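Take a look at the structure set out below.
The values are calculated or read from the model by the stated rules, or taken from the named source; none is laboratory data. For clarity, every value in this text was computed on a predicted model and none was experimentally measured. Glycine gets a Cβ as well: all are built from the backbone with ideal geometry, and neighbour counts include every protein chain shown. When the accessible area is computed, the model is the full protein with side chains, heavy atoms only, and any ligands, DNA or RNA have been set aside. Shrake-Rupley method; radii C 1.70, N 1.55, O 1.52, S 1.80 Å.
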Amino acid sequence: MYVLKFGGSSVANANNIKIVADILLAYPSKPIVVVVSALGGITDQLLLTGDKAACGDESYRELLSSVELRHLDTARQLLPVTNQSASLSKVKQYCNEIEDLCEGIFRLQELSDRTKDKLVSYGELLSSQLLTAYLQTQNAQAEWLDSRQLIKTDSRFGNAHVLEGITHTLIEARVPKDKNNIYVAPGFIASNSHDFTTTLGRGGSDYTAAIFAAALKAEVLEIWTDVSGIMTADPRWVPNARPISRISYQEAMELSHFGAKIIYPPTIQPVMKRNIPVWVKNTFAANDPGTLIENHQYESAEKIRGISSMNKITLLSLEGSGMVGIPGFSKRLFEALAQQQINVILITQSSSEHSICVAVQSGEAEKAKHTCDAAFDSEIANGKVEPLVVEGDHAIVALVGDKMKSHPGISGQMFSALGRNGINIRAIAQGSSERNISAVISSSDVKKALNVLHESFFESVKKQLNIFITGCGNVGSKLLGQIAAQQVWLE
Ligand code: ASP
C-alpha cells in the first residue's frame, strides 16, 4: 500500500488535476490512497467568506459565487460533457450547503470555531470529489473515501488531536489492501465523537496522509508539492538554495517547524513511529529526484543539512535582581503564558539568572505582556522585577543537522559569518540534542542572514559579490557583456 498526498497548487485547476491523475494512473503499484488539499487558495477564501459574513458584510456573497464558479469551471474543463452532470450537481449541492451556512453566520453575526471547521471542510470535499470523478472518466477504479468518517479527533476545532486507536481501526476496516483501487480522500478534515466536522490545523492534509500511511502500514508516503524536495533554505529568500537528497526524520522535523513549510510538522510523527519512508516530490517535475526522509543519519560532508527561518517574532524579557537564586520565577512565567495558550518558540536564560528571555509569535505579544505583568504584579510593585520588556520585529534563523553534535566549531562559524556581515544577534538557543542552533535577529536582517549562512555552509568554494551598476548605457552594458562572457573565469 502506498499513500500519496497532493497539495493545493497540485490541484489548483483542471490542467494540474490532469497532471496529478497522470501520475496516479501511471503509478506502478496499486492500491493507493491519494489525499488531496483544497484547490489552491480556496481555504483562505472560505475563511474570508465566513469572516465577512460574521461582520455583516454582504460582499461575502460575491466571494462565495467566485468559489462556486471556480469549481464549476474546473469540473467543466476537466470532465467530458457526457460525464459532467453528476459532478456539477455535487459542486452545486456543496456550494448550496456553504451558502446556507454563511447565511446563518451572516444572520447571527457570529462565527464559532466549530462552524469555521465545517465551512473550510468544503474545500477538500470539493477537490477530492473532482479528482475522483476525473479518474473514473479515465477508467481507473477510483473510490472516494470520507475522511470525516475515518479520522476521529477530540473537539479542539481548528487544530483537533487525532484519536489514534479508533482512527486506525476505522481506516483498516474501510480500505482493503487486495484491490487495485485508487482511493481518494479529502485531507485536513476529520470529525469528533458527535460527528461534528473538525480540522487538523492549517496545512493539515499532509498529516491526514501520514495518518492513512500509519494506519495502513504503507510502504511509502509521498508528499507531492510544487518544489523539488526539501531545500537547503527557502528559495524565495536564498536563490542558491538546492534540494536535499536525503534527510533524517529528526532533521525534517526541525526544518519543518521553521520557514521551510514543505511539510506540516505533525506529519513526521506517525510515520517515524512506524519507520515509513517519506518522499517529497514535485508534481510539475515528476522526474526530479526529490527528498527522501527516513530513519537514517547520513554520512555527508555537510554537517548542516538546512537553514531555516521564522518571521514575526517578538522577544519578551523578564528581568530583575529579585529573581536571582530564587526558584519558581520561570515556572510562573511559563504558567502565565500557557494559561493564555501562548506558544513559546525559544527560551534563553543567562547563568546570572538576572533575566529570562522567550520568543513568541508577534500576534501574541500584547496578550503575553498583559498576562505576565499581571502574574508578577506584586514583584513589579516592590521593584523585584521590571515590567515585561517586549521587543517586536524580530526573526529566528536556525541551522539544522544531525551531524552538528560531533563537530565543534559550527556555532563559531555561524556567529562569525553573521558578525562579519554586521548582523546583530539578540538571543541564542541550542538544545542539548545539538540538532538545531537558533539565533534571534532583527527581521530586517533575515534575507541577508540566510544568504550569508547559506554561503558559509553550502557554498564555501565561491564568494558572492554584489555589483551595482548605475545606468546601463554604453559603458554599463559593455561591462555586463564582459561579465557574462567571462563568467566561468570569474567563478
Ligand atoms: N486546505 C488546508 C489549508 O490550506 C489544508 C491543506 O492544504 O493542507 O490549510
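Suppose we filter E391, E364, E379 for residues that are open to solvent by less than 60 Å² (accessible area, probe 1.4 Å), among the charged types (D, E, K, R) and more than 27 Å from the chain's Cα centre (by Cα); which single one remains? Let's see the steps before the verdict.
On the way: E391 fails: more than 27 Å from the chain's Cα centre (by Cα); E364 fails: more than 27 Å from the chain's Cα centre (by Cα).
The conditions single out E379.
Which of the following residues is among the acidic types (D, E) and surrounded by fewer than 21 Cβ atoms within 10 Å (Cβ to Cβ): E172, E124?
E172
Quick one: in the stretch 240-294, of everything that is polar (S, T, N, Q) and touching a residue at least 60 places away in the same chain (Cβ under 8 Å), which residue is most open to solvent (accessible area, probe 1.4 Å)?
Selected residue: N240.
Please enumerate the residues belonging to the stretch 1-36 that are more than 12 Å from W224 (Cα to Cα) and either of a type in the set (A, V, I, L, M, F, W, C) or part of a strand (DSSP E or B) (or both).
M1, Y2, A12, A14, I17, A21, L25, A26, I32, V33, listed by residue number.
Within the stretch 198-223, take every residue that is in a strand (DSSP E or B) and open to solvent by 10 Å² or more (accessible area, probe 1.4 Å) and give me the one that is farthest from the ligand (Cβ to nearest atom).
Restricting attention to the stretch 198-223, the residues satisfying the condition of being in a strand (DSSP E or B) are 198-199, 220-223.
So of that shortlist, the ones also open to solvent by 10 Å² or more (accessible area, probe 1.4 Å) come out as 220, 222.
Values: V220: 19, E222: 15 Å.
The selected residue is V220.
Given the conditions (1) open to solvent by less than 80 Å² (accessible area, probe 1.4 Å); (2) over 14 Å from S317 (Cα atoms); (3) assigned to a helix (DSSP H, G or I); (4) not aromatic (F, W, Y), report the number of the one that K369 does not fulfil.
Every listed condition holds for K369 apart from (2).
Looking only at the stretch 311-327, count how many residues are open to solvent by 30 Å² or more (accessible area, probe 1.4 Å) and either of a type outside the set (D, E, K, R) or in contact with a Cys (Cβ under 9 Å, 6 or more places away or on another chain) (or both).
7
Would you point out which residue out of L64, L39, L69 is open to solvent by 70 Å² or more (accessible area, probe 1.4 Å) and either in a loop (DSSP other than H, G, I, E, B) or more than 16 Å from the ligand (Cβ to nearest atom) (or both)?
Going through L64, L39, L69 in turn, the sole match is L69.
What are the residue pairs meeting all of these: first residue in the stretch 381-401, first residue within 17 Å of L333 (Cβ to Cβ), second residue among the β-branched types (V, I, T), Cβ atoms under 8 Å, and 6 or more apart or on different chains?
If the second residue must be among the β-branched types (V, I, T), the pairs left are E386/I380; P387/I380; V390/T314; E391/T314.
Filter the stretch 127-149 for residues that are open to solvent by 10 Å² or more (accessible area, probe 1.4 Å) and not in a loop (DSSP other than H, G, I, E, B) and give the result.
Q129, A133, Y134, Q136, T137, A142, E143, W144, R148, Q149
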